[in-house]
Amino acid sequence: MVGDEARGEMNTFQRNESKESLFTFISTGDDPPKGDFHVQKKSPKLCGSNYPLSIAFIVVNEFCERFSYYGMRAVLTLYFISFFHWDENLSTAVYHAFSALCYFTPVIGAIMADSWLGKYKTIIYLSIVYVVGHLIKSVGAIPSLGNQAVHVVLSMVGLFLIALGTGGIKPCVSAFGGDQFEEEHTSERSKFFSVFYLSINAGSLISTFVTPVLRGDVKCFGEDCYALAFGVPAALMVLALVVFIAGSGLYRKTPPQGNVLLEVCKCIGFAIKNRLKNRSRQIPKRDHWLDWASEQYSKQLIAEVKMVTRVLFLFLPLPMFWALFDQQGSRWTLQATKMNADFGIYVLQPDQMQFLNPLLILVFIPIFDLGLYPLISMCKFNFTPIRKMATGMILAGMAFGLAAIVEVKINETDMPQLVPKESLIQVLNLAKNPVQVTIQDQNLFQQPVEAFQNPDEYSHLILNGEQQSLRFILQHQGSSLAFNYTVKEKSVYSLIVFEAEGSLSSRLITDLEAKPENGLAAVRFINGLSQDVNLTIDSKQFTPVQRNYGVSGYSLVERDTYDNGKCITETGEFTLDLGLLDFGASYTVVITNQVTGSVKVPHGLFPTPMKKATCHFAINLEALVAQEIAGIFPCCAEGVSLLPAGLDVPEIRPTVPLPGQSFASVFALSFILILCCKPIWEGSDLSAANRCSFIFLL
């Protein structure tokens with residue numbers, strides 16, 4: 001997420017003084033300029049300070065680029081599902097394949113910058129590739145442009161170019177910003193990185209909130225406007241490139257000095273090769289297998305490669321951690337589509353949950369740095385980087401445990417899982433009197449179905465094959481009628497019972513088999529009038545519904561109160577008051593002419609037994625907060641282990657709990673309270689045990 005790219009950029013800035021150094025903070029500038037590079041060029045200063053004017057262009061460029069990347073990625077999973085109609089598994093797989101490519105291509109960008117083009121030209125060239133990828137991706141989201149194969153090809157090409165562009169410039173931009181400072185201005189450089197990573201979070205925060213709004217609240221071509229949701233990030237990337245080029249005359253451009261990654265690989269390869277060559281017992285053993293590279297490489301490089309190998313061993317669990325953490329944009333977003341996201345003053349889009357990530361970063365990092373860690377230190381507990389990482393891993397497991405509990409609660413409102421030779425059925429009695437329904441070979445509906453009775457749940461039909469013809473017997477006011485219908489396995493049905501031409505009749509219709517997602521409600525109409533009707537609900541037009549209990553198809557609408565629907569018949573236009581259509585619910589609306597001059601729906605709004613989304617998104621904040629804290633612990637540990645002096649910045653990562661709605665919020669508020677009470681014990685002689693007791697009391 002935001003933080004892993006921050007770490008990648010930061011580590012790239014740990015450039016070597018010579019080709020044999022891994023961790024020297026910055027080049028001394030002793031190498032002579034080559035070609036178009038101007039190492040000693042001094043940039044104009046900002047307002048007479050020691051800050052070069054060029055960094056303003058770099059910070060704005062980074063803000064716009066991060067806006068474009070995270071804004072595009074926020075809606076990507078729902079784009080695959082809603083626009084391509086892929087299933088959840090395929091959408092998730094492609095989403096994570098794209099993310100993996102974005103974090104692999106920085107290796108390519110680093111090699112290009114250090115060994116060939118230099119950072120400035122690498123940023124320019126790959127930003128152009130980045131822009132082209134965004135434009136192709138935006139064009140591919142226009143529904144009227146070709147068939148689905150065209151959309152898929154354009155989108156995949158666009159995503160590949162975006163991955164190449166965003167990953168390629170990732171290790172270059174922050175390092176290029178550091179190059180703008182004089183060697184003696186270490187304090188200013190450190191503050192620059194704070195502003196730089198603030199711009200990353202700001203771009204991520206704004207884009208992950210705005211682009212889902214552009215997708216869901218703006219309609220184009222009669223659908224969610226993915227073209228606009230991708231087009232705005234594309235425009236921001238164009239702006240990022242223009243801003244960066246505009247500052248070209250101000251930049252200090254250092255020449256490429258060789259890529260340290262290649263040197264490390266060569267050193268390791270030579271050590272292995274040399275060790276295999278000298279396996280004779282007569283040859284003295286060496287302390288470490290990397291010492292076999294001493295014939296060709298310096299002791300400093302070998303020592304630093306040894307440090308790297310030890311750190312790599314420490315990082316073995318991290319791929320598993322990030323594999324979980326990165327699911328906020330895939331599985332957790334998909335889970336949010338099945339939840340109630342109404343917070344009263346605002347209805348959160350499912351893909352907007354990702355904006356909570358940078359928001360929580362801005363909230364929790366000061367709390368941890370100024371509150372939690374000092375308090376732990378006062379308790380005389382050595383909270384080492386290893387312990388921070390272990391704590392983060394445990395919290396990540398807890399977060400997914402909470403998410404699993406939420407998923408179980410969500411599944412309780414889903415349709416029952418059907419097995420072979422089984423179907424579901426409910427009865428909608430639209431007649432004026434109770435009806436007794438009997439189905440051949442089934443022991444269902446023991447009590448008569450009252451007129452306009454809302455069914456509590458579906459009943460299970462047991463079939464003798466993949467499909468079966470069943471006889472339905474309806475008893476009504478002393479008369480009995482029989483109807484035959486063919487029922488297929490793993491299907492959901494409604495039996496509509498109504499009066500037509502003075503006698504009882506029925507119709508078997510199919511229902512939705514899955515809950516509507518993306519915070520939508522499903523609605524269909526049964527026309528009980530003697531004339532065809534045209535329906536409009538909130539500017540959404542339905543196909544004409546035939547007279548005498550014709551049934552429309554389902555349409556998906558936003559959660560809202562619909563009290564001004566239009567019903568147009570041959571004799572006039574009338575209003576429909578549907579009330580609230582809730583998250584994830586399915587409704588069957590029966591239109592009956594109960595009042596002269598107006599069409600009303602008394603007792604005619606049937607919420608199906610497919611329950612609405614009763615799980616509120618707020619309960620998922622607990623898992624989100626736990627996962628975010630889990631991300632802060634290991635990244636702080638990595639920062640202590642890897643960042644050079646002056647760059648010990650906690651990692652930035654894409655989530656804010658509502659106070660009182662999340663246990664982690666209570667912890668956070670407690671830390672703030674403890675900070676306020678800190679002067680109470682700072683000057684006192686309280687023991688460590690008493691301090692801990694005071695902390696837990698707070």
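A few comments on the model shown:
- On a per residue basis, the convex hull of the C-alpha atoms belonging to the range 465-527 measures out at 99 Å³.
- A viscosity of 0.890 mPa s and a temperature of 25 °C, combined with the Kirkwood radius over C-alpha pairs in the Stokes-Einstein formula, give the range 225-308 a diffusion coefficient of 142 µm²/s.
- Taking amide hydrogens as placed 1.01 Å from N in the peptide plane, the amide H of SER586 sits under 5 Å from those of ALA522, THR608, each at least 5 positions away in sequence or on another chain.
- The packing ranking, built from the mean of other Cβ atoms within 10 Å per residue, places the peptides 141-152, 337-348 in the order 337-348, 141-152, highest first.
- Residues whose placed amide H lies under 5 Å from that of LYS421, excluding near-sequence neighbours: LYS490
- Between GLN148 and ALA514, the contour length at 0.36 nm per residue exceeds the alpha carbon distance by 129.4 nm.
- At full extension, PHE383 and THR571 could sit 59.9 nm farther apart than now, given 0.36 nm per residue minus the alpha carbon distance.
- Dimensions of the range 88-152 along the principal axes, based on C-alpha atoms and rounded to the nearest Å, stand at 43, 26, 12, largest first.
- Annotation: the residues SER505, SER199, sorted from fewest to most other C-beta atoms within 10 Å of their own C-beta, follow the order SER505, SER199.
- SER298-ARG286 pseudo-label distance in nm [points 7 Å out on the Cα-to-Cβ vector]: 1.7 nm
- Relative contact order (%) - the range 353-512, alpha-carbon pairs under 8 angstrom, separation at least six: 20 percent
- Charge dipole of the range 122-279 about the Cα centre (unit charges at C-beta), most positive-ward option of GLY133, PRO143, GLY167: GLY167
- Residues TYR79, TYR95, sorted so that the one with the fewest Cβ neighbours within 10 Å comes first: TYR95, TYR79
- Stokes-Einstein translational diffusion, the range 398-539 - Kirkwood Rh over all Cα pairs, 0.692 mPa s, 37 °C, in µm²/s: 189 µm²/s
- Size of the range 53-255: Rg and Dmax of its alpha carbons, in Å, are 17.6, 59.
- Close amide H partners of LEU578, meaning residues 5 or more places away or on another chain with modelled amide H under 5 Å apart, are TYR562, ASP563, ASN564, GLY565.
- Isotropic mean projected area of the C-alpha convex hull, the range 341-464 (nm²): 15.1 nm²
- Summed residue charge, Cβ within 12 Å of MET72's Cβ, Lys/Arg positive, Asp/Glu negative: +2
- Too-long pairs where the Cα-Cα distance tops 26 Å, listed order kept, from LYS119/LYS388; LYS170/LYS219; LYS121/LYS299; LYS45/LYS191; LYS490/LYS515: LYS119/LYS388; LYS170/LYS219; LYS121/LYS299
- Debye intensity ratio I(q)/I(0), log10, the range 267-378, q values 0.18 Å⁻¹ (C-alpha model): -1.00
- Rounded to 0.05, the FRET efficiency of the ALA100 and LYS45 pair, given R0 = 60 Å and the Cβ-Cβ distance, is 0.90.
Coordinate-derived values only; no laboratory data. Just so it is clear, the structure is predicted and the values come from calculations on it, not from any experiment. Here the Cβ is made from the backbone with ideal geometry for all residues, glycine too, and neighbour counts use every protein chain on show.
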